[in-house]
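Report on the following structure.
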Amino acid sequence: MYELSDDLRMLRDLAREFTAKEITPRAAEYDESGEWPWEIFHKAREVGLVNLNIPEEYGGLGATVLEESIVAEEMAYGCSGIQTALMLNQLAVLPILLAGTPEQKARYLSRLTEEGLVAAYCMTEPDAGSDVAGIKATATRRGDRYLLNGTKTWITDGPVASLFTVFAKTDPEAGRRGMSCFIVERDWPGVSTSKPLEKMGQHAAQACQVFFEEVEVPVENRLGKEGDGFLIAMKVFDRSRPPVAAAAIGVARRALDEAVRYAGERHAFGQPIAHFQGVGFMLADMAIRVEAGRHLAYKSAWLVDNGQRNTMVAAMAKAFCADAAMQNATDAVQIFGGNGYSREYPVEKLMRDAKIYQIYEGTTQIQKRIIQRELYR
Ligand SMILES: Cc1cc2nc3c(=O)[nH]c(=O)nc-3n(C[C@H](O)[C@H](O)[C@H](O)COP(=O)(O)OP(=O)(O)OC[C@H]3O[C@@H](n4cnc5c(N)ncnc54)[C@H](O)[C@@H]3O)c2cc1C
């Protein structure tokens, strides 16, 4: 566990080289334009860096959660907005991987890999985010179909997605046991999206509202049994949080590297600012966060890959790494002084991009709630 195997190192190097060539040089451009990075997506597809967790029989890489996490850290080092946009398919397909029938997998996973489509994950609603069981979207059975109604918000890649995995209540009176999950195609009547939402950071990872109005969803597009939705969502979190934590470490590591370089070059009072203990200790703390966070993220991935319960460690990883990204980005801005506040230097973007890690995939408070609950399990 303390050394990556040769295969993992090769994957890391592939992602690192791709990031240095294709992502880092274009990060500022996509941050400015807010466009979805189609060109980079297709290049990443060519080298096998998207659809990582889709099994090989459906055209993916069949990657483990640890492999996904390694790629996530590398790509987020270059731009966490582009990384999020490119890797969202892996979140969106998790309900299909976890609960799909062979027919559902063959039909939809193969389309994603063969046609180069994007999928999005639709849980959050305007009035229900942390409180997942409080969603209000409904799917009402009518013979061999469901009528889907509801509004989802903050759906990453929603503006460009062709497929959605959607959570809705099939029995609104039954609380968390009344939730089910469906595969919904974008071009079905009644599906529409808002304009991309304006946001603080991760501009390349466009997010929007998704509206479902009397959408007819065939019964064969339900994932698992009626009422399985909440359980599916919880299992998704165990697999989605490790790569998100690792991506946060990518941001934290980039902030550290930028700060180390700048502090070595910038002079004040006749010497490099790195010589001042006040700056050097900040750098040391940043390095500690990167090392510690990576171990937590990778361990949470390794546990789930090896069939062990990782709920608590994944929550620890997500909480710790999100805070590490935010703190390192903030400290990097501080070390850059006035230049840190300027858009001409890269750390201002890191600070805007880092904040979201404390919010999406469950806020830091929700992670701590999970840890607290697990301690008494
Ligand atoms: C850029 C972006 C991309 C996103 N992408 C997606 C996506 O692709 N798909 C998707 O489904 N969702 C997505 N989300 C939604 C995201 O997961 C939610 O915003 C998040 O879970 C928080 O929910 P909320 O915004 O409703 O906040 P709320 O749940 O209203 O929380 C508000 C505050 O209250 C705190 N709080 C709530 N409950 C508790 C509690 N029990 N104990 C302590 N504190 C609590 C929270 O920590 C937070 O600080 C995205 C959000 C953003 C901003």
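For the chain, what D do you get in µm² per second when you plug the Kirkwood radius from alpha-carbon pairs into Stokes-Einstein at 25 °C and 0.890 mPa s?
Roughly 116 µm²/s, to the nearest whole number.
Could you list the residues of the stretch 232-264 with an amide nitrogen less than 18 Å from a label point located 7 Å from the Cα of residue 275 in the Cα-to-C-beta direction? Output list for this probe position: 260-264.
Among 270-279, 135-144, sorting by the average number of other beta carbon atoms lying within 10 angstrom of each residue, highest first, gives 135-144, 270-279. Sequentially through the stretch 312-321, phi angles give Karplus couplings (6.51, -1.76, 1.60; θ = phi - 60°) of 6, 5, 5, 5, 4, 4, 4, 5, 5, 5 Hz, Gly and Pro residues having no value and appearing as x. In the stretch 170-244, taking the dipole from charged Cβ atoms about the Cα centre, the farthest positive-side position among 224, 236, 201 is held by 201. Here the Karplus curve 6.51 cos²θ - 1.76 cosθ + 1.60, taken at θ = phi - 60°, turns the phi angles of the stretch 73-80 into couplings of 4, 5, 5, 5, 4, x, 6, 6 Hz, with x standing for Gly and Pro. Report note on the peptides 23-33, 367-377, 346-356: ranked by the mean count of other C-beta atoms within 10 Å, highest first, their order is 346-356, 23-33, 367-377.
Structure remark: mean-square fluctuation, Gaussian network model of the chain, C-alpha springs under 10 Å; the largest value among 264, 81, 201 belongs to 264. Shown in residue order for the stretch 353-367 are the 3J(HN,Hα) couplings computed by the Karplus curve 6.51 cos²θ - 1.76 cosθ + 1.60 at θ = phi - 60°: 6, 5, 4, 4, 4, 7, 10, 7, 6, x, 5, 4, 5, 5, 4 Hz (x for Gly and Pro). Springs between Cα atoms under 10 Å define the GNM used for the chain, and in it the highest mean-square fluctuation of 321, 79, 208 occurs at 208. With Rh defined as the Kirkwood radius, the inverse of the mean 1/r over Cα pairs, the Rg/Rh of the stretch 6-115 is 0.98. A 1.4 Å probe run over the protein chains yields, for the chain, 45 Å² of accessible area per residue, whole-number rounding.
Once you charge only the Cβ atoms, +1 for Lys and Arg and -1 for Asp and Glu, what is the size of the charge dipole of the chain about its Cα centre, to the nearest 20 debye?
Numbers: 43 positive and 51 negative charges, 210 e Å.
For the chain, the charge dipole is close to 1000 debye.
Max-minus-min Cα coordinates of the stretch 230-375 on each principal axis give 59, 24, 23 Å, with the largest extent listed first.
In this structure, the residue pairs whose Cα-Cα separation is over 25 Å, taken from 199/299; 152/199; 169/235; 43/235; 152/355, are 199/299; 43/235. Considering the stretch 119-227 at the alpha-carbon level, its Rg and Dmax are found to be 13.4, 44 Å.
Helix 277-305 and the longest principal axis of the Cα set of the chain meet at an angle near 30°. Neighbours of residue 353, meaning other residues whose beta-carbon lies under 12 angstrom from its beta-carbon, give a summed charge of +3 when Lys and Arg score +1 and Asp and Glu score -1.
Taking amide H atoms as placed 1.01 Å from N in the peptide plane, the amide H of residue 146 lies under 5 Å from those of 217, 219, each 5 or more residues away in sequence or on another chain. This model, with +1 at the C-beta of Lys and Arg and -1 at the C-beta of Asp and Glu, gives the stretch 291-377 a dipole about its Cα centre of some 380 debye.
The helix-only estimate of mean residue ellipticity at 222 nm for the chain, built from DSSP H runs of length n ≥ 4 each weighted as -39500 (n - 2.57), is -15500 deg cm²/dmol after division by the residue total.
Quick one: angle between helix 38-47 and the longest Cα principal axis of the chain, in degrees between 0 and 90, rounded to 10, please. Roughly 90 degrees, rounded to the nearest 10.
The values are calculated or read from the model by the stated rules, or taken from the named source; none is laboratory data. Just so you know, these numbers come straight off a predicted model, no measurement behind them. Backbone-built Cβ (ideal geometry, glycine too); neighbour counts: all protein chains shown. With ligands, DNA and RNA removed, areas are computed over all heavy atoms of the protein, side chains included. Shrake-Rupley method; radii C 1.70, N 1.55, O 1.52, S 1.80 Å.
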